Amino acid sequence: MRTNTQRVGIGALVLVLAGLAYFQLRQEAPPPPVEKAEPDLFAFVRSMEGTRPDGNLTVAAGEQLVVDAELGHLFDYYLAGLGEKPLAAIRAQIELELDKRLAPAPAREAKRLLGAYLAYKQALVGAEQTLPKLNDMAQAASARLLAMRQLRATYFTPQESAGLFGASDAYDDDAVARMAILSDKSLSEAQQSERLAALDARMPPGLKAERDAPLKVVKLEDAVQALRTQGAGENEVYRLRAATFTPEAAARLAELDREESQWQQRIVLYQAEKARLGQDGEALQRLRETSFTPDEQRRLGAYE
């Protein structure tokens, strides 16, 4: 049986493989202008409604743009909309956001880096195709990381690369090291645990907190379920969540609980009415259209 430390290492393996997946950025014509903006908090793409753009941009003395991971977070936030919007529209929206947040000089520098960032992402697609096919996953992941870092020199200075990618590089290096340990058949389970523990000891506190964040959420929700099984009410659940995270996060989780409860109640009513209607296809479709929005109807497949 694997230890908890090994299971976390496997989770890191999944994350690094996901993080190393390259995507194709497609150049398309911008969409026609919208006559009237919607009043959503963020309505650039429908899947991101109610969210705020990532990236806490900062400027040093003399209007010097600080090139750090936050700038990359802003780029990636909008690039996540590929598929809902063409690349040209996404790039225009990022530049608009940069103009809103920054003075003209740092905004120009940020736009230059955006162009380099997009070109780099496109070049990654070609780089992936030239990599040797390796059966060892740790070696394959290490080769991908090396190719990525060598390619950056074409688009960024060493300082820019360190600012934009330094934090994610540290995470990826740690994950690949864990992958190599877990795939080493010459090591016993005890030896693997010892080496993984040594990696834990060397990990910077910030990186360790980021790596452990998903596990912390899972443990919290397990504790919440245990509380409810014991008959605890929502006040007790709120206090546990607030103590683990923040009162604001606890309030948001409580709201999500209410939304999910209401959704499940609607599903129960829908299934009862559906059973009454039998095989009347037209009546079933009318029921769906009158009971759910188009977006909600896409979720019904799991309950049909």
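Read-outs: derived from the displayed coordinates by stated rules, not from any lab. Since the model is a prediction, treat every value here as computed from it, not as a measurement. All Cβ positions, even for glycine, are placed from backbone atoms using ideal geometry, and neighbour counts span all protein chains on display.
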**Message:** Using 0.36 nm times the number of residues separating Q271 and T229, minus their current alpha carbon distance, what extension gain do you get?
**Reply:** 12.5 nm
**Request:** For segment 80-94, take each phi angle, set θ = phi - 60°, evaluate the Karplus expression 6.51 cos²θ - 1.76 cosθ + 1.60, and give the result in whole Hz per residue in order, putting x for glycine and proline.
**Result:** 5, x, 4, x, 9, 9, x, 4, 4, 5, 5, 4, 4, 5, 4
**Item:** Under 16 Å from K208, Cα to Cα: aspartates and glutamates that are on another chain or at least 8 residues apart
**Value:** D169, D172, D173, D174, D200
**Request:** Calculate, for Y303 and D54, the FRET efficiency according to 1/(1 + (r/R0)^6) with r their C-beta to C-beta distance and R0 30 Å; round to the nearest 0.05.
**Result:** 0.35
**Request:** Within the set of other residues whose C-beta is less than 15 Å from the C-beta of R228, count the net charge using Lys and Arg as +1 and Asp and Glu as -1.
**Result:** -3
**Request:** Provide the net charge surrounding L287, with neighbours chosen by a C-beta distance below 11 Å and charges set as Lys +1, Arg +1, Asp -1, Glu -1.
**Result:** 0
**Item:** Per-residue Cβ neighbour rank within 10 angstrom, fewest leading, Y238, Y78
**Value:** Y238, Y78
**Fill in**
PRE zone check, label point 7 Å out along Cα-to-Cβ of Q150, amide N under 19 Å, scope segment 108-129, hits 120-129
**Prompt:** Calculated from DSSP H runs of 4 or more alone, at -39500 (n - 2.57) each and per residue, what is the 222 nm mean residue ellipticity of the chain, nearest 500?
**Reply:** -23000 deg cm²/dmol
**Asked** Hey, fewest Cβ within 10 Å first, where do S183, S161 land in order?
**Response** S183, S161
**Request:** Any chance you could check the Cα centroid distance between segment 193-228 and segment 74-145 for me, in angstrom?
**Result:** 29
**Complete:** Once phi for every residue in segment 104-114 is put through the Karplus expression 6.51 cos²θ - 1.76 cosθ + 1.60 (θ = phi - 60°), the whole-Hz ³J(HN,Hα) values, with Gly and Pro written as x, are x, 5, x, 5, 4, 5, 5, 5, 4, 5, 4
**Item:** Reachable aspartates and glutamates from K185, criterion Cα separation under 18 angstrom, eight or more residues apart if same chain
**Value:** D136, E194
**Amide H contacts of V59 (H built 1.01 Å from N, under 5 Å, at least 5 apart or other chain)** = V66
**Item:** Sequence-distant residues sharing a close amide H with M203 (under 5 Å, placed H)
**Value:** none
